[in-house]
1. Alpha carbon centre of segment 118-197 versus segment 64-115: separation in Å?
2. How big is the charge dipole of segment 47-196 about its Cα centre, in debye rounded to the nearest 20, if each Lys and Arg gets +1 on its Cβ and each Asp and Glu gets -1 on its Cβ?
3. Of 190, 80, 53, which is farthest towards the positive pole of the chain's charge dipole, taken about the Cα centre with +1 and -1 on the beta-carbons of Lys, Arg and Asp, Glu respectively?
4. Please identify every one of the trypsin sites (Lys or Arg not before Pro) in segment 8-40 that sits in a loop by DSSP and has no more than 13 other beta carbons within 10 Å of its own beta carbon.
5. Which value, in Å³ per residue, describes the convex hull spanned by the Cα atoms of the chain?
6. Based on the Cβ-Cβ distance of residue 9 and residue 101, what FRET efficiency does E = 1/(1 + (r/R0)^6) give at R0 = 45 Å, to the nearest 0.05?
7. At 27 angstrom or more along the helix axis (alpha-carbon based) and mean Kyte-Doolittle of 1.0 or higher, what helices does the chain contain? Whole DSSP H runs only.
Amino acid sequence: MSTQPNSRQLISCEECGLVVRIPDIEQGQKAQCPRCEHSLTKINAKPYQSVLAVSVACLIMLVLSVSFPFMSFSVQGLSQEITLMHAAKMLAEFHNALLGALLLATVVILPAIYVGLILFLHLEALKSLKHPLSKKQIRMAKTLCRILFRVEPWLMVDVFLIGVLVSLIKIASLAEIGMGSSFWAFCVYTVLVVKCI
């Protein structure tokens, strides 16, 4: 009677294609391909550190993104600087208040809530390693996880950045465009938000 190998323990090497059975590995160790010695998988020694680092960096980039000029336009000697908050305000002033509120919510507020919840839940998980959580704390964590999953589909940071880049291509022929420091912080913020998801 032949037994089927567990498919979760088998992995194909990305370099040479050899199918390898992954042994049980401990934290901080990695499995390598016996043929080409390419790294197949590894378990981080402290997996919480990367999540916390990305979350904190994401919040810092968000603050930088809303604090400085996003970009500047210059046409025939007239120049205008714009920030993310100013963009939402301008939409409201030109009878698009709903669109301005949606921009603010999906690009700034909801991502900040999402990343803040991830940060809080991971800190609570770290605390639970030393002291068990009470039933009230567990209920609160479950509620926060539900909120986290409901907020996630509304994160439009990457969509906004793509829209800005497409708009820049069209506007480049009409005006001189300068990227502010906030634009570059927003690009990093977008990558970090996508990594958090």
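Quick note: the coordinates plus some simple rules give every number you see, no bench work behind them. Quick caveat, the model's predicted, so the values are computed rather than measured. Using ideal geometry, Cβ is built from the backbone for each residue, glycine included, and neighbour counts are taken over all protein chains shown.
1. Rounded to whole Å, the Cα centres lie 17 Å apart.
2. Here the size comes out at about 980 debye.
3. Value: 53.
4. The qualifying sites are 35.
5. Spread over its residues, the Cα hull of the chain gives 219 Å³ apiece.
6. Given R0 = 45 Å and the Cβ-Cβ separation, E is 0.35.
7. Span-like helices in the chain: 47-67, 110-130.
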